[in-house]
1. Please enumerate the residues belonging to the range 128-140 that are more than 11 Å from GLY24 (Cα to Cα) and either open to solvent by 60 Å² or more (accessible area, probe 1.4 Å) or in a strand (DSSP E or B) (or both).
2. In the range 42-53, what residues are over 16 Å from LYS101 (Cα atoms) and in a loop (DSSP other than H, G, I, E, B)?
3. Please state which of the following conditions LEU150 fails to meet, knowing it meets all the rest: (1) of a type outside the set (D, E, K, R); (2) in a loop (DSSP other than H, G, I, E, B); (3) farther than 22 Å from ALA195 by Cα.
4. Only one residue in ARG15, ARG2, ARG81, ARG67 is touching a Lys or Arg at 6+ places or on another chain (Cβ under 9 Å) and either more than 30 Å from LEU150 (Cα to Cα) or open to solvent by 50 Å² or more (accessible area, probe 1.4 Å) (or both). Which one?
5. Give the range 191-214 a look and list any residue that's over 22 Å from the mean Cα position of the chain (by Cα), part of a strand (DSSP E or B) and not hydroxyl-bearing (Ser, Thr, Tyr), or say none.
6. Please work out which residue is modelled with the lowest pLDDT, limiting yourself to the range 118-127 and to residues that are surrounded by fewer than 17 Cβ atoms within 10 Å (Cβ to Cβ) and outside any strand (DSSP E or B).
7. Scanning for something touching a Phe, Trp or Tyr at 6+ places or on another chain (Cβ under 8 Å) and outside any loop (DSSP other than H, G, I, E, B), does the range 54-73 turn up at least one residue?
8. Name every residue in the range 103-127 that is closer than 15 Å to PHE25 by Cα and of a type in the set (D, E, K, R), in order of residue number.
Amino acid sequence: MRILLAEDDAELADRLKKVLIEAGFTVDIAADGTLAEYLGQTETYDAVVLDLGLPGMNGVSVLQRWREDGLDMPVLILTARGRWSEKQAGFHAGADDYMTKPFEMGEVVLRLHALIRRASGHAAADLRCGSLVLDTRAGRFRIDGTGLDLTAQEYRLLAYLMHNQGRVVGRSEIVEHVYERDADPDSNVVDVLLARIRRKLDRPLIRTVRGRGWVLEAGAS
């Protein structure tokens, strides 16, 4: 899952980025509102962590522009502004969740997982596809009850397929959601990752749809 972190406090942004990466996310950082608004318009994100007190353009204005342009990615506001009127402004602009500083890093991860799950139509914390289970709370895969040993990139790719199971996902979409902005993976890197994941799953859960991409589904062949 790819996250946009819009935060002008460089130290906080770096610490939060490390936590999010450890939780399996890919993270792009915007240190001002103008860049955040631009990235939200031009890149593809599964969720956004948005500070309100951004230089250049405040977070409420950024969010309003996104929503006016029809961008519906989940947005978690993370800010020092905790007055009721400020919370109202954030939700009225289109926020999906709101946290005030100081905060627990782990809670940000939990809330992002919940927002992304619900945006993709999953209410439960455990996502299932046949015998494969993704525990979004722990950030772990199990198959037949046994933990699945995955690299960070394998985890990100399989998690994206899990959130979008039953839908064909193309190569460019995978690159947009699994890799950071400006990453330029080799043309066959997705094929290599999928081949490794298939070997570890050791059952036909990922089906190739010729000319379109791949789909994760129980009973695939």
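1. ARG128, CYS129, LEU132, VAL133, LEU134, ASP135, ARG137
2. GLU43, THR44, TYR45, ASP46 - these are the residues of the range 42-53 that are over 16 Å from LYS101 (Cα atoms) and in a loop (DSSP other than H, G, I, E, B).
3. The one condition LEU150 does not meet is (3).
4. ARG81
5. Answer for the range 191-214, where residues must be over 22 Å from the mean Cα position of the chain (by Cα), part of a strand (DSSP E or B) and not hydroxyl-bearing (Ser, Thr, Tyr): ARG207, VAL209.
6. Within the range 118-127, the match that is modelled with the lowest pLDDT is ALA123.
7. Among the residues of the range 54-73, not one is touching a Phe, Trp or Tyr at 6+ places or on another chain (Cβ under 8 Å) and outside any loop (DSSP other than H, G, I, E, B), which makes the answer no.
8. Answer for the range 103-127, where residues must be closer than 15 Å to PHE25 by Cα and of a type in the set (D, E, K, R): GLU107, ARG111, ARG117.
The values are calculated or read from the model by the stated rules, or taken from the named source; none is laboratory data. What you are looking at is a predicted structure, and each value in this text was computed from that prediction instead of being measured. Note that each Cβ is placed from the backbone with ideal geometry, even for glycine, and that neighbours are counted across all protein chains shown. Each accessible area value is taken on the protein alone, full model and side chains, heavy atoms only, with ligands, DNA and RNA left out. Shrake-Rupley method; radii C 1.70, N 1.55, O 1.52, S 1.80 Å.
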